[in-house]
Amino acid sequence: MSLLVNTAKNQIKELINCAAKKAMAENILCEAELPDFNIEVPSDTKHGDYAVNAALVWAKAFRSAPRKIAETLMDKADLEGTYIDRFEIAGPGFINFFLSDKYYADILSDIDTKKEKYGESGYGENKKVLVEFVSANPTGPMHIGNARGGALGDCLAAVMEKSGYYVEREFYINDAGNQINKFGLSLSLRYQQLFDDSVEMPEDSYHGADIIAHAKAFSDIHGDKFISVSEEERRKALVEFALPKNIQGLHDDLLKYRIEYNTWFKESSLHASGEAMRIIELLKESGHTYIEEDALWFKGEDFGSDNFVLIRSNGVPTYIVPDIAYHYNKLVTRGFDKAIDILGADHHGYVPRLKGALTALGIDSTRLDVVLMQMVRLVKDGEIIKASKRSGKAITLVTLLEEVPIDAARFFFNLREPNSHFDFDLDLAIEESNKNPVYYVQYAHARICSIIRNLANDGITQRKCSAEELMKLNTPEERELTVHLAAYTDEIINAAKAYDPAKITHYVEDLATKFHKFYNSCRVKGEDEGLMQARLTLCTDTAIVIKNVLDLLKIDAPEMM
């Protein structure tokens, strides 16, 4: 919470509590244990900056009518030394508080002082958080779901950093298991087809053009050398050739998308180190496993999920074993306080299984949070599309970024909460109008920069305002804009708590709207010098906050458009 917002709310709380104690001491109100009350922002600002329901909550304790209690509290209230200018009693006993001009002036001074640090807080208490996102299958290119997950995960990590958490970003490379076996089979068959066109591809193999390209590149180097070797040796050589190229491709594509990870964690490392099999032994020791038809099962029903296989009857671990080992590594071996996974909505049944296994291992499963992300549909000319015009294939992250600016992609993918379906309007994303939300926000920033340039061209430079000058900003539009600026820190914290960066895109859209409303109602140039400077400060403070939001989202804040 913003220090000033927190201060004002604490002052109101203290004022109410002190007034109640004073009234009880004077026997105006009976002695009573008083429950907590709410301090809320009214939906209509004409009713004040904050509304308090203390009189209603305390009616039973004081055995009196709420309105009479409110009148008593206000009679005993002392406003001296606070940001509170006045109060009113409304309805059945609500108390509405109106804050002073100095409160609004101090908000602007605070932004002006903190600049790029404005919005930061210590809410997270430096707790260690690992955000894992995208983790695309390395056997092929990233798809649209990965594009949404990338923007969501990266911005969520940034929001949490801003809220005072220590955050690391991680990509989990699924370089082991069935998908790699299928990758090796597909590469092997495509390689053999180069020398024998009678070789056929099974229906469930990978048929992408990238597989063909890898096989051709491999043959350009080795010729038919690997035709005569064993199938195992051929697949191994092809996977060792192609997989690093795919992983590097994922790295390069994500870097274009402005995403950098602290760690690229390989699933294969869990097998090589023995961590995966160690998890099996720990689960056996927990007493929550059993044998059925020569397979090892986990008793998920003991923890609210279904029972599931850990080791197949052929001795091969199922996919969930390395996943359990990976999360054990996050929370125990590396000691993160919280692990956050961004996963597709199709993982809904997987989460209880994973949490159940962690509980059996003695780990508090609330330390793992999973954000389930719904699918994305691409819309062009009002119609849903499933393929790229260029290639005729499903649109990948790369082809999307060829269609729309990166700024638009990152902003649009954070316009809706993760668990909601999202239609990505390709036409709107490239439209240079106020209908396009990212353009609208960027234009507000550019407009402020233009105002400052134009004033400078007229010989007017900005200076630091006194509190008295800033206290002149008291029109409804100026107050509304200032209040919204003050809410930024709370919005960051709320986004971190809800794992929902969409709260920040909505916040900055509203900020742009409130700025345009202010600018259309209040002249900056042509007023007395003190008021002009105060309004100029309001403009620049707005630009600071817009840029802070766009920097957090890794989106450009242009000075000219």
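Any idea what the relative contact order of the chain is, in percent, if you count C-alpha pairs under 8 Å spaced at least 6 apart?
Working: 857 pairs, mean separation 87.9, N = 561.
Here the relative contact order equals 16 percent.
Relative to the first principal axis of the alpha-carbon coordinates of the chain, what is the inclination of helix 350-360, with its axis defined by its Cα atoms, in degrees from 0 to 90 and to the nearest 10? The angle comes out near 90 degrees. Judged by the ratio a/c of the largest to the smallest principal axis of the C-alpha gyration tensor, the range 285-326 counts as oblate, that ratio being 1.5 or greater while a/b is no larger than b/c. Distance between the C-alpha centres of the range 413-441 and the range 216-274: 35 Å, rounded to the whole angstrom.
Of the residues M201, M375, the one with the largest accessible area comes first in the ranking M375, M201, computed with a 1.4 Å probe on protein heavy atoms.
Under 5 Å between amide hydrogens, built in the peptide plane, is the criterion, and for F94 it picks out nothing among residues at least 5 positions away or on other chains. Rounded, prolate or oblate: which one fits the range 240-279, using the alpha carbon gyration tensor with axes a ≥ b ≥ c (rounded when a/c is under 1.5, else prolate when a/b beats b/c, else oblate)? It is oblate, given that a/c is not under 1.5 and a/b is not larger than b/c. Note on T318: accessible area approximately 20 square angstrom, rounded to 10, probe 1.4 Å, nucleic acids and ligands left out. Each Lys or Arg adds one and each Asp or Glu subtracts one; over the other residues with Cβ under 13 Å from the Cβ of W297, this totals -2. Charging the Cβ of each Asp and Glu at -1 and of each Lys and Arg at +1, and nothing else, the dipole of the range 289-348 about its Cα centre rounds to 360 debye.
Excluding same-chain neighbours fewer than eight residues apart, the aspartates and glutamates reachable from K9 by a Cα-Cα span under 12 Å are E40, D49.
Under 5 Å between amide hydrogens, built in the peptide plane, is the criterion, and for L99 it picks out D49, D85 among residues at least 5 positions away or on other chains. Computed from Cα atoms, the angle from the helix 101-114 axis to the main principal axis of the chain rounds to 40 degrees.
With the dipole of the chain worked out from charges on the C-beta (+1 for Lys and Arg, -1 for Asp and Glu) around the Cα centre, which of S121, Y83, T513 lies farthest toward the positive end? Checked the options; the winner is Y83. Taking the dipole about the Cα centre of the range 282-402, with the C-beta of Lys and Arg at +1 and of Asp and Glu at -1, give me whichever of V370, P317, T396 is farthest to the positive side. My answer, from the dipole projection, is T396.
If the only charges are +1 at each Lys and Arg Cβ and -1 at each Asp and Glu Cβ, what is the size of the charge dipole of the chain around the Cα centre, to the nearest 20 debye? Intermediate results must be reported in sequence, preceding the final value.
Details: 65 positive and 87 negative charges, 121 e Å.
So the dipole magnitude of the chain works out to roughly 580 debye.
For the chain, rounded, prolate or oblate, judged on the Cα gyration tensor with a ≥ b ≥ c (square roots of eigenvalues), a/c < 1.5 rounded, else prolate if a/b > b/c? Oblate. Taking the convex hull of the alpha carbon positions in the range 86-178 and averaging its projected area over all directions gives 11.8 nm². The lysine pair count for the range 343-472, using Cα distances under 20 Å and pairs eight or more places apart or on different chains, is 4.
Report summary: the helix-based calculation at 222 nm, which adds -39500 (n - 2.57) for every DSSP H run with n ≥ 4 and divides by the residues of the chain, gives -15500 deg cm²/dmol.
Surface calculation, 1.4 Å probe, protein heavy atoms: V229 sits at approximately 40 Å² accessible.
Residues D154, D253, ordered by accessible area of protein heavy atoms at a 1.4 angstrom probe radius and largest first, appear as D253, D154. Within the range 251-356, the GluC sites (Glu not before Pro) that combine a DSSP coil assignment with at most 15 other C-beta atoms in a 10 angstrom radius are E260, E293.
Work out, in µm²/s and without decimals, the Stokes-Einstein translational diffusion coefficient of the range 471-561 at 4 °C, 1.567 mPa s, Rh from Kirkwood over C-alpha pairs.
93 µm²/s
Summing Lys, Arg as +1 and Asp, Glu as -1, what charge do residues with Cβ under 11 Å from the Cβ of Y261 carry, Y261 excluded? Show your work: numbers first, answer last.
Details: positive: R169; negative: E132, D154, E168, E170, E260.
Summing Lys/Arg as +1 and Asp/Glu as -1 gives -4.
For the chain, the share of accessible area belonging to carbon and sulfur comes to 49 percent (1.4 Å probe, ligands and nucleic acids excluded).
How much of the DSSP beta bridge set in the chain is antiparallel, as a percent to the nearest 5? Close to 50 percent.
Each residue was assigned an accessible area with a 1.4 Å probe, and for K22 the value is about 100 Å².
If you rank L428, L130 by how much accessible surface each has, with a 1.4 Å probe, what is the order from largest down? Please report the intermediate quantities before stating the final value.
Details: L428 45, L130 0 Å².
Accessible-area ranking of L428, L130, largest first: L428, L130.
Taking only alpha carbon atoms, the range 1-145 gives an Rg to Rh ratio of 1.20, where Rh is the Kirkwood radius.
Helix 529-552: angle to the longest alpha-carbon principal axis of the chain, degrees 0 to 90, nearest 10? So the inclination is approximately 20 degrees.
Tell me, how many Å apart are the Cα centres for the range 87-125 and for the range 1-52? Using only Cα atoms, the two centres lie 15 Å from each other.
Ellipsoid semi-axes for the range 362-464, based on the Cα gyration tensor and the rule √(5λ), read 36, 24, 11 Å when sorted largest first. Compared with the alpha-carbon gap, the fully stretched path from R86 to M375 is longer by 99.0 nm at 0.36 nm per residue. Farthest toward the positive end of the dipole of the range 410-513, out of N457, N436, N474, is the Cα of N457, where the dipole comes from beta carbon charges about the Cα centre. Across the range 39-84, how large is the tail of the calculated P(r) beyond 14 Å, expressed as a percent of all Cα pairs? In whole percent, the long-distance tail amounts to 60.
The values are calculated or read from the model by the stated rules, or taken from the named source; none is laboratory data. The structure displayed is predicted, hence computed values, not measured ones. Note: ideal-geometry Cβ built from the backbone for every residue, glycine included; neighbour counts use all protein chains shown. Areas reflect the complete protein model, heavy atoms only, side chains present, ligands, DNA and RNA absent. Shrake-Rupley method; radii C 1.70, N 1.55, O 1.52, S 1.80 Å.
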